[in-house]
Each structure stands twice: as structure tokens, then as C-alpha cells.
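Please read through the structure below; I'll follow up with questions.
Each value in this text was obtained by applying a stated rule to the coordinates, not by laboratory testing. Predicted model only: the values in this text are computed from it and were never measured. We place every Cβ from the backbone using ideal geometry, glycine too, and count neighbours over all the protein chains shown.
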Ligand code: 3PG
């Protein structure tokens, strides 16, 4: 299954998905390089701007070694466009039956978003085993995922929303959390300012925390 390969990458590399919104493909490529220098493996470019799809395309063409995905996918069309742009994984903030069905036909890992137990069960019924937990901070945080361990031990989660260097350890210490995601490494203001060295520094600091955890 394609998700098994993604899960293996979470073990082999820093379990961090950098979620970024870019205003131009050029910014996307510069960002990807700044992250790669620090050792980041996963980059999720959101489709919140018109530049998102072309940024994914150019990063795939110009930067090797990163796993570049597409995020904020809200419709089957956006999923199709993201795959065509070369996205190596796909993420939605939520999950409707239409999205779950559409993505199940693809050969690309898809992380549907859930915030409740019923949503997690719906995704599980469709065969999904790795779910985005969003918005993690407002939906019960690490304590919520800890409860899910006994209820649905076969599910893995990627919490995002309010994750940062102060709380990522709480999440990554949970056995059902395989990676965490968020914008704290590459927030919009640093991207817009082109402060790539600050982004590299944030990525390095985050990886240092994650690699110090027993996993
Ligand atoms: C996402 O799409 O995963 C979120 O926007 C990330 O949330 P954050 O900005 O609070 O990290």
C-alpha cells in the first residue's frame, strides 16, 4: 500500500511536515532548498494561493531529495491537479465521503483530515490508516490522540494546527503519532521576506528536538 511507504519515510527521516503557503513558484523552490539544507524531508505546499500547484511542479523539477506534497485539498479537482503537478503526498483539512472515495483510487498517499472520533471511523471504514488531526490544538491536543490509542489502535496520526517547538515532543512521544506538521518553521512572514536562513535555523532547531526523543 502506498501509505506504508509514506509511514516508512516517517521513520527514516525527521517526522516533520513543513506546511507552507507561497506566493510564487520561485519562493517555493528557495524554501525547499532552505529546508533541505537543514535535513527536512517532507514539505507540504498548500493550495491556498494560485502559486501552489506551479510551486510543487517546480520544486519537483529543481530540488531532489525532498518529499513534496500538496495540502489544503478541498475538492476532487484539486486532488487531481495536485497529482498532475507531481505531489508525492496529499493532505486535506477535513474529509468528505467524496474526497475519501476519490483519493482511494490514487497511487499517491492521502492524509484525510479528522477532528472527531466519528470522522476517524469514517476514514478508517474507507481503509485510511494515517490521518491528519486538525486543528490539533483546538480539538483536544495530545490528550485526545492518547485516548484514541485504545479505541482505534490501528490508526496513525499527523497532528497539525498549533504545533510548534514547545509542544511537538508531547505529540511525537505518542505511539500513534508518526509525524507532526505545521507552519512554525516556514511562516508566511519569513517566506514573504525571503529570510531563508531564518527558516533553515528553525528547521535545524526543530529537527534537534525531534531527534532527541525516544521513538
Ligand atoms: C495546516 O494546514 O496544517 C495548518 O494550517 C497548519 O497549522 P499551523 O499554521 O497552526 O501550523
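Can you tell me which residue among 41, 5 is away from the ligand (no atom under 16 Å from the Cβ), out of contact with any helix residue (DSSP H, G or I) (no Cβ under 9 Å at 6 or more places or on another chain) and within 21 Å of residue 180 (Cβ to Cβ)?
Working: 41 fails: out of contact with any helix residue (DSSP H, G or I) (no Cβ under 9 Å at 6 or more places or on another chain).
Every option except 5 fails the conditions.
Ok, one more. Identify all residues within the stretch 120-139 that are in a helix (DSSP H, G or I) and crowded, with 18+ Cβ neighbours inside 10 Å; write none if there are none.
If we filter the stretch 120-139 for residues that are in a helix (DSSP H, G or I), which is where we start, we get 120-125, 136-138.
Matches in the stretch 120-139: 120, 123, 136.
Do you know which residues across the stretch 145-169 are farther than 27 Å from residue 1 by Cα and either more than 13 Å from the ligand (Cβ to nearest atom) or not in a loop (DSSP other than H, G, I, E, B) (or both)?
Listed by number, the residues that qualify are 168, 169.
Another question, if that's okay. Between 25, 15, 76, which is away from the ligand (no atom under 16 Å from the Cβ) and either within 19 Å of residue 113 (Cβ to Cβ) or out of contact with any helix residue (DSSP H, G or I) (no Cβ under 6 Å at 6 or more places or on another chain) (or both)?
Checking each option against the conditions leaves just 76.
A follow-up question, please. Is it the case, given these coordinates, that residue 211 is touching a helix residue (DSSP H, G or I) at 6+ places or on another chain (Cβ under 8 Å), away from the ligand (no atom under 13 Å from the Cβ) and under 23 Å from residue 6 (Cβ atoms)? Step through it out loud before you land on a result.
Numbers: touching a helix residue (DSSP H, G or I) at 6+ places or on another chain (Cβ under 8 Å): no; away from the ligand (no atom under 13 Å from the Cβ): yes; under 23 Å from residue 6 (Cβ atoms): yes.
When the stated conditions are applied, residue 211 does not pass them.
Which is touching a residue at least 24 places away in the same chain (Cβ under 8 Å), over 25 Å from residue 36 (Cβ atoms) and buried (at least 19 other Cβ atoms within 10 Å of the Cβ), of 172, 168, 145? Walk me through it before giving the result.
On the way: 172 fails: over 25 Å from residue 36 (Cβ atoms); 168 fails: over 25 Å from residue 36 (Cβ atoms).
Just a single option satisfies the conditions, and that option is 145.
Filter the stretch 175-198 for residues that are within 16 Å of the ligand (Cβ to nearest atom), more than 17 Å from the chain's Cα centre (by Cα) and touching a residue at least 60 places away in the same chain (Cβ under 8 Å) and give the result.
First pass over the stretch 175-198, keeping only residues within 16 Å of the ligand (Cβ to nearest atom): 177-192.
Still in the running and more than 17 Å from the chain's Cα centre (by Cα): 189-192.
191, 192, listed by residue number.
Next question. I need the full set of residues from the stretch 148-165 which are surrounded by 14 or more Cβ atoms within 10 Å (Cβ to Cβ) and on the phi < 0 side of the Ramachandran plot, in order please.
At the first step, the residues of the stretch 148-165 found to be surrounded by 14 or more Cβ atoms within 10 Å (Cβ to Cβ) are 148-149, 152, 155-165.
148, 149, 152, 155, 156, 157, 158, 159, 160, 163, 164, 165, listed by residue number.
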